[in-house]
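A.B. asks: Handing you this structure, nothing more for now.
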Amino acid sequence: MKNIDRLFVMTGVVFLLIGLAFGLKMSMTQNFAMRDLHAHLNLLGFVLMTLFGLCYRAWPKMQAGSLATVHYLLHTLTVAVALFLFYRVLSNPDLGPKLGPIMDWILMGTYLGVLVFAYLVLTRARD
């Protein structure tokens, strides 16, 4: 996918805006029940995606082929779904036993995406 570096950063900014909205709501209501979701949105969403985008920008050879697209799709979709399920569990703790195992499987997809990224860094991150 062309401009995958830009796509990672732009998607990271979307995650940041959502994470900051949760933070602002918590501050305004003094209800910090969603603090873990806020942190995960900012870290898995904004920080990692921006870091991925900067790496793809620094080493354009990492973008060659379809693995960068696979990485983007795996990370974006699995993080978005897992964090939505996390929101549901935080909103209704009774859902934890049902949704927790599903979240585990989904987050394995996130881990697989990071493995793809690690492979690309180790094999293509050259000047």
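A.B. asks: Could you go through the stretch 108-126 and let me know if any residue there is among the charged types (D, E, K, R), buried (at least 16 other Cβ atoms within 10 Å of the Cβ) and touching a residue at least 60 places away in the same chain (Cβ under 8 Å).
C.D. replies: Yes, that holds for at least one residue.
A.B. asks: Could you list all residues from the stretch 15-67 that are among the basic types (Lys, Arg) and either farther than 24 Å from Lys2 by Cβ or more than 19 Å from the chain's Cα centre (by Cα) (or both)?
C.D. replies: Matches in the stretch 15-67: Lys25, Arg35, Lys61.
A.B. asks: Going residue by residue through the stretch 5-14, is there one that turns out to be part of a helix (DSSP H, G or I), among the charged types (D, E, K, R) and either touching a Gly at 6+ places or on another chain (Cβ under 8 Å) or loosely packed, with under 13 Cβ neighbours inside 10 Å (or both)?
C.D. replies: Yes, the conditions are met somewhere in the stretch 5-14.
A.B. asks: Give the residues of the stretch 1-38 that are among the acidic types (Asp, Glu) and either closer than 19 Å to Gly53 by Cα or at pLDDT below 90 (or both), sorted by residue number.
C.D. replies: The one that is among the acidic types (Asp, Glu) and either closer than 19 Å to Gly53 by Cα or at pLDDT below 90 (or both): Asp5.
A.B. asks: If you don't mind, another one. Out of all the residues in the stretch 15-56, which are of a type outside the set (Phe, Trp, Tyr) and not in a helix (DSSP H, G or I)?
C.D. replies: Gln30, Asn31, Ala33, Met34
The values are calculated or read from the model by the stated rules, or taken from the named source; none is laboratory data. Predicted model, so just to flag it, every value in this text is computed and none were measured. Virtual Cβ from ideal backbone geometry, glycine too; neighbours counted across all protein chains shown.
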